[in-house]
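*Asks:* Quick one: structure below, then a few questions.
The values are calculated or read from the model by the stated rules, or taken from the named source; none is laboratory data. Model, not experiment: these values are computed from the prediction. So basically every Cβ, Gly included, is an ideal-geometry build from the backbone, and we count neighbours across all protein chains shown.
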Amino acid sequence: MSIGRPVAKLGLSGGIGAPVGGALGLAEGAVRRLRVELSVDEAHDRVELVLWAGSKLAGAVPGDAITVALSNDSADPADVLKAEVNGVDAIGGGCVLTAFAASRKLSLTHAGRSWRQTTLGQVVRDLLSDGEVDAGDVNATLSLPALHVDPRRSIWSALHDLARRTGHQITSTPDGKVSFTPVAGVGLPAAFTDELREGAELLSFRAGPRQARTALPRVSPAGAQYWYQLEAKPDSGSNVEVVDVALRTREAASAGTDAAAADASRGARRARIRVPGRPDLRAGTTIQARGESYRVLRVRHSVDPATGYVCDLLLEGDS
């Protein structure tokens with residue numbers, strides 16, 4: 001794949017600058033530079049548009065919805081992210097429009113709730129509903145005997161804490177919904193099915209140092225004297241090492257232990273790469289590069305006059 005001429009469609013709805021008769025292209029929208037940032041961490045997915053003076057998009061107001069679709073060739077642009085405008089700031093010769101994914105609402109909302117005999121998926125759906133954010137793919141079947149969410153922390157923080165403790169990841173869909181899915185070396189959605197070729201799909205590769213990380217339990221280790229904190233004594237040969245008041249079944253405790261070990265294993269490999277722009281490249285997917293498989297932690301879709309449409313990725317090992 002080579003870097004072709006970038007194609008974009010930018011849709012704006014709800015404000016005085018909303019385009020009439022369909023979405024705007026880069027030239028029609030007077031776009032100097034475009035960035036869409038996606039990640040699996042607590043940073044919210046976002047859109048940044050640097051606009052020339054007189055852009056039709058400059059009339060956007062906070063609360064408007066903007067949709068970004070991109071392509072690196074003559075193919076029809078594919079949706080990358082739908083976001084809510086946060087503000088438009090004046091700069092020399094134009095302005096900068098910033099918009100965040102719907103997940104940002106979850107950082108501004110707090111909820112104190114308790115559940116008994118439920119599933120992790122139901123907890124996630126309830127919290128998303130409390131934050132008035134649409135649920136995307138929620139795949140979390142773990143059964144929980146009891147769980148309490150502290151109202152002093154935001155829903156966004158509570159969801160990421162649950163994800164870390166149980167081996168899940170939080171991502172945004174192209175239409176702005178929030179997904180909560182497992183992190184696993186096997187079964188992660190693939191962004192690229194083939195090996196990235198040097199000088200073609202793989203424009204640059206910078207590997208981080210290989211460094212062993214210890215899988216530290218978040219709470220007390222479960223030795224023989226602590227098994228009573230579970231609802232049942234572990235079987236002989238059990239790998240349960242993490243005991244958590246919310247993870248006190250053998251299944252849940254094992255999931256917590258496995259999540260901590262997998263996180264340590266993945267973190268031992270890091271890399272940064274650049275590839276030609278691909279609108280289907282998203283955080284939480286996997287790619288193959290230089291004979292190894294990686295999980296995408298962050299991806300930045302960038303369109304500017306110097307580079308065209310490229311994606312910069314932060315990676316970690318996928319297992």
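*Asks:* Go through (1) at pLDDT 95 or above; (2) in contact with an Asp or Glu (Cβ under 6 Å, 6 or more places away or on another chain) and name the single condition Gly15 misses.
*Replies:* (1)
*Asks:* Turning to a different aspect of this structure: Mind checking which residues of the stretch 137-146 are modelled with pLDDT under 95 and surrounded by 17 or more Cβ atoms within 10 Å (Cβ to Cβ)?
*Replies:* Within the stretch 137-146, Ala140, Leu142, Leu144 qualify.
*Asks:* Let me ask you something else. Considering only residues that are touching a Ser or Thr at 6+ places or on another chain (Cβ under 9 Å) and either buried (at least 22 other Cβ atoms within 10 Å of the Cβ) or at pLDDT below 90 (or both), which ones fall in the stretch 287-307?
*Replies:* Result: Ile287, Gln288, Ser293, Tyr294, Arg295, Val296, Val299.
*Asks:* Within the stretch 299-310, restricting attention to residues that are in a strand (DSSP E or B) and more than 15 Å from the chain's Cα centre (by Cα), which residue is nearest to Arg46 (Cα to Cα)?
*Replies:* Ser302
*Asks:* For the stretch 89-99, give me the residue count where each residue is free of Cβ contacts under 8 Å to residues at least 40 places away in the same chain and farther than 15 Å from Arg35 by Cβ. First the steps, then the outcome.
*Replies:* Keep residues of the stretch 89-99 that are free of Cβ contacts under 8 Å to residues at least 40 places away in the same chain, which gives 89-90, 92.
If we keep only those that are farther than 15 Å from Arg35 by Cβ too, we end up with 90, 92.
Looking only at that region, the number is 2.
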